[in-house]
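Colleague: Take this structure first; my questions come after.
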Amino acid sequence: MSKIIGRRGIHCFKKLNFASFTSVSASLIEKGQNRVIDASLTLIRERAKLKGELVRLLGGAKASTSLLGVPLGHNSSFLQGPAFAPPRIREAIWCGSTNSSTEEGKELKDPRVLTDVGDVPVQEIRDCGVDDDRLMNVISESVKLVMEEEPLRPLVLGGDHSISYPVVRAVSEKLGGPVDILHFDAHPDIYDCFEGNKYSHASSFARIMEGGYARRLLQVGIRSINQEGREQGKRFGVEQYEMRTFSKDREILENLKLGEGVKGVYISIDVDCLDPAFAPGVSHIEPGGLSFRDVLNILHNLQADVVGADVVEFNPQRDTVDGMTAMVAAKLVRELAAKISK
């Protein structure tokens, strides 16, 4: 009998000890997560302050583009390679195979045109067990830290397209109202909840429109859309320009004037908006897309105050011809920087 009681006593002690240990561990884990998040935001804050002070010291800039990398790939529905894109895009921007001027004549080496505040350490944050709700908040806060340093405006390097939701949310909240969005993509990314993931890269614009962060959403290059995509588009009043009618819509798209009555214009470019002949390094290859010059013509002719932008869904793991798609993504970044800076 005493042996049985002894065993039971030891078992109860172990249960109590384990419960106490679990409670302590949860508390320690949360403190650890908070420290990692605080350190991540501090890093972005200090870099943004440094770059903002430099631009203000040089003077003459009403708006200056600042790169912010968000190497997130786990919300992809197919491949997670876009998480590796930001460093490859940076490398291509400065690789030396072309000069540092944009087509409109702006000099990228001028900090008043382009600076860089580094990456949000997405993987380190996730390794601590931080869930996507908090991670999205960290991304939003990082964007706001950039915007606090006038005249910096964020140009975000993805990552998969799920990052557009926290970025646009941050831009809208920081500016105090909705923006107009010009969205280049093969897909509308407006599923209500794709594969059970509300933060899926296929659902980012549903979250944006639900939140009231955009007044108008124009989607250009669409050629992979199903019934739900069309119904969601109608629900949110999205202006969807499909590739099957692009020749008819070209004149409208090359003479856009956006942003009147709102806080500005946000541009989101999914690299798969381009025909794969121009950009094969993407996760979802959809033939029949835009040419690179089609996209630049729309950007160059756009009349708008561009307050932020992103370039997403470049997948280095599928790139070919010695980094061709990296150079394409870098060229998009360069021309967006010219559009933002003034």
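The values are calculated or read from the model by the stated rules, or taken from the named source; none is laboratory data. These figures come from a predicted structure and were not determined experimentally. Cβ coordinates were reconstructed from backbone atoms using ideal geometry, including for glycine residues, and neighbour counts include every protein chain displayed. Note: accessible area is taken over every heavy atom of the protein model, side chains too, but ligands, DNA and RNA are not part of it. Shrake-Rupley method; radii C 1.70, N 1.55, O 1.52, S 1.80 Å.
Colleague: As a test, work out the antiparallel percent of DSSP beta bridges whose residues both lie in the stretch 202-335, rounded to the nearest 5.
Modeller: On the way: 1 of 13 bridges.
The antiparallel fraction comes to roughly 10 percent.
Colleague: Given the rule -39500 (n - 2.57) for each run of at least 4 DSSP H residues, summed and divided by the residues of the chain, what is its mean residue ellipticity at 222 nm, to the nearest 500 deg cm²/dmol?
Modeller: It comes out at -14500 deg cm²/dmol, rounded to the nearest 500.
Colleague: According to a simple spin-label model (label point 7 Å from Cα along Cα-to-Cβ), what is the distance in nm between Glu231 and Glu91?
Modeller: The answer from the label model is 4.4 nm.
Colleague: Taking a cut-off of 26 Å, what percent of all Cα-Cα pairs in the chain are separated by more than that?
Modeller: 49 percent
Colleague: For the stretch 151-224 and the stretch 255-300, compute the distance between their C-alpha centroids and round to whole Å.
Modeller: Using only Cα atoms to place each centre, the spacing works out to 14 Å.
Colleague: Something else about it: I need to check one value: relative contact order of the chain, counting alpha carbon pairs closer than 8 Å and at least 6 residues apart, in percent. Numbers along the way, then the final one.
Modeller: Details: 679 pairs, mean separation 72.2, N = 342.
Across the chain, relative contact order equals 21 percent.
Colleague: Mind checking the full-extension length gain between Ser247 and Ala277? Use 0.36 nm per residue of separation minus the Cα-Cα distance, one decimal, nm.
Modeller: So the chain would gain 8.9 nm between Ser247 and Ala277.
Colleague: Something else: Mind telling me which of Gly323, Gly32, Gly118 comes out most flexible in a GNM of the chain, alpha-carbon contacts under 10 Å?
Modeller: Gly32
Colleague: Mind putting a number on the dipole of the stretch 227-288 about its Cα centre? Charges go on the C-beta only, +1 for Lys and Arg and -1 for Asp and Glu, and I need it in Debye to the nearest 20.
Modeller: Taking the Cα centre of the stretch 227-288 as origin, the dipole is about 220 debye.
Colleague: A further question on this structure: For the chain, what % of the accessible area comes from carbon and sulfur atoms, probe 1.4 Å?
Modeller: With neighbouring chains kept in place, the figure for the chain is 52 percent.
Colleague: Which three extents, in angstrom, do the Cα atoms of the stretch 235-296 have along their principal axes, listed largest first?
Modeller: 38, 27, 24
Colleague: Follow-up. Within the chain, what percent of beta bridges assigned by DSSP are antiparallel, to the nearest 5?
Modeller: Percent antiparallel among DSSP bridges in the chain is about 10.
Colleague: I'd like to check one number: the per residue accessible area of the chain, probe 1.4 Å, reported in Å² as a whole number. Spell out each step's value before the answer.
Modeller: Working: 15100 Å² over 342 residues.
For the chain, the per-residue accessible area is 44 Å².
Colleague: Picking from Val120, Thr320, Leu152, whose Cα lies most toward the positive end of the charge dipole for the chain (charges on Cβ: Lys, Arg +1; Asp, Glu -1)?
Modeller: Among Val120, Thr320, Leu152, the one farthest towards the positive end of the dipole of the chain is Val120.
Colleague: Tell me which DSSP H helices of the chain clear both cut-offs, 30 Å or more of axial length from alpha-carbon atoms and a mean Kyte-Doolittle hydropathy of at least -1.0. Display every interim value, and only then the final one.
Modeller: Details: long enough: 2-58 (83 Å, 0.04).
Length and hydropathy pass: 2-58.
Colleague: Can you run phi through the Karplus equation (6.51, -1.76, 1.60; θ = phi - 60°) for the stretch 276-289 and list ³J(HN,Hα) in whole Hz, with x for Gly and Pro?
Modeller: Along the stretch 276-289, the couplings run x, 4, 8, 8, x, x, 9, 6, 10, 7, 10, x, x, x Hz.
Colleague: Can you tell me the FRET efficiency between Glu148 and Arg35 if r is taken as the Cβ-Cβ distance and R0 is 22 Å, rounded to the nearest 0.05?
Modeller: 0.50
Colleague: Compute the label zone of Glu103 within the stretch 209-252: residues whose backbone N is under 12 Å from the point 7 Å along Cα-to-Cβ.
Modeller: none
Colleague: Which entries in the list Lys49/Lys106; Lys62/Lys331; Lys49/Lys109; Lys174/Lys342; Lys49/Lys339; Lys198/Lys339 go over 27 Å, if you measure between the two C-alpha atoms of each?
Modeller: Working: Lys49/Lys106 23 Å; Lys62/Lys331 23 Å; Lys49/Lys109 19 Å; Lys174/Lys342 20 Å; Lys49/Lys339 23 Å; Lys198/Lys339 32 Å.
The pairs that break the limit, which is 27 Å between Cα atoms, are Lys198/Lys339.
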